[in-house]
1. Examine the range 38-56 for a residue that is among the β-branched types (Val, Ile, Thr) and without any contact (Cβ under 8 Å) to a residue 60 or more places away in the chain, and state whether such a residue exists.
2. Here is a list of conditions, (1) surrounded by fewer than 16 Cβ atoms within 10 Å (Cβ to Cβ); (2) in contact (Cβ under 8 Å) with a residue 24 or more places away in the chain, and residue 143 meets all of them except one; can you say which number that is?
3. Is it the case that residue 142 is under 21 Å from residue 95 (Cα atoms), of a type outside the set (A, V, I, L, M, F, W, C) and over 13 Å from the mean Cα position of the chain (by Cα)?
4. Read through the list (1) open to solvent by 20 Å² or more (accessible area, probe 1.4 Å); (2) in a loop (DSSP other than H, G, I, E, B), then give the number of the only condition that residue 48 fails.
5. If you go through the range 60-70 one residue at a time, how many are open to solvent by 70 Å² or more (accessible area, probe 1.4 Å) and without any contact (Cβ under 8 Å) to a residue 12 or more places away in the chain?
6. From the list 90, 79, exactly one residue is of a type in the set (D, E, K, R) and within 20 Å of residue 144 (Cα to Cα). Which is it?
Amino acid sequence: MTEKKAVATPTGPAKLWMDEAPEPRLRLLLGHGAGGGPEARDLAALARELPEHGVSVLRFEQPWRIAGKKIAPRPALLDEAWLAIPVPADLPLVVGGRSSGARVACRTATAMGASGVVALAFPLHPPGKPEKSRLDELTGAGVPTLVVQGERDSFGRPAEFGAGPFTLASIAHADHGMAVPKANNQADALSAMVGAVREFVLRFAG
């Protein structure tokens with residue numbers, strides 16, 4: 001059962017969507033993308049599946065979404081709101097998110113005291129503009145990082161990432177939203193994504 005809690009931030013009211021583990025060993029704090037919210041299929045799947053493995057999943061809804069705005073603010077304001085999240089220090093913390101939320105997590109991981117980062121559908125570059133790379137945000141996270149990328153992600157396919165200080169998990173047939181064509185199995189794609197994240201985060205569990 002997801003609980004929702006209002007959070008005050010310097011940029012306006014935000015919200016935490018909380019799915020607590022019965023016997024928590026770790027917290028996974030996730031941010032959403034610029035085109036969607038905490039209900040995104042990959043974030044929802046993690047919140048549904050991971051608590052039974054001792055991982056409490058917190059999904060952060062940014063103030064701009066709460067305010068009903070259609071466009072996300074500049075990165076500095078996203079980071080400012082994210083850094084205001086009240087996360088207890090009693091359990092290890094892994095931060096992450098999808099797309100824009102993954103960028104926020106990478107930029108702020110050390111400031112949050114996180115043990116690791118989960119970057120879902122990391123937007124390596126805008127579609128069709130590989131020269132505008134955001135690889136430096138990913139490689140600068142400063143903590144162990146997992147990238148979970150769809151094979152058909154127009155913001156950066158797995159082969160475009162190359163080698164780096166991160167682990168890369170490729171999700172067969174998936175696009176930027178972790179959706180697969182009708183000829184393929186959506187449940188299988190989400191199961192592969194959840195499995196990769198579970199294996200990565202549990203290494204930090206207390």
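1. Among the residues of the range 38-56, not one is among the β-branched types (Val, Ile, Thr) and without any contact (Cβ under 8 Å) to a residue 60 or more places away in the chain, which makes the answer no.
2. Condition not satisfied by residue 143: (1).
3. yes
4. Result: residue 48 passes all but (2).
5. Matching residues across the range 60-70 total 2.
6. Residue meeting the stated conditions: 79.
Here's the yes/no breakdown for (1) outside any loop (DSSP other than H, G, I, E, B); (2) open to solvent by 20 Å² or more (accessible area, probe 1.4 Å); (3) in contact with a Phe, Trp or Tyr (Cβ under 6 Å, 6 or more places away or on another chain):
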| residue | (1), (2), (3) |
| --- | --- |
| 117 | yes, no, no |
| 147 | yes, no, yes |
| 155 | no, yes, no |
| 165 | no, yes, no |
| 170 | yes, yes, no |
| 182 | no, yes, no |
| 187 | yes, yes, no |
| 198 | yes, yes, no |
| 206 | no, yes, no |
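Quick grid of which residues meet (1) among the polar types (S, T, N, Q); (2) over 12 Å from residue 42 (Cα atoms):
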| position | (1), (2) |
| --- | --- |
| 116 | no, yes |
| 140 | no, yes |
| 167 | yes, yes |
| 195 | no, no |
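The values are calculated or read from the model by the stated rules, or taken from the named source; none is laboratory data. Remember, it's a predicted structure, so these values are computed and weren't measured experimentally. Cβ: placed from backbone, ideal geometry, glycine included. Neighbour counts: every protein chain shown. Surface accessibility is based on the protein's heavy atoms, side chains included, excluding ligands, DNA and RNA. Shrake-Rupley method; radii C 1.70, N 1.55, O 1.52, S 1.80 Å.
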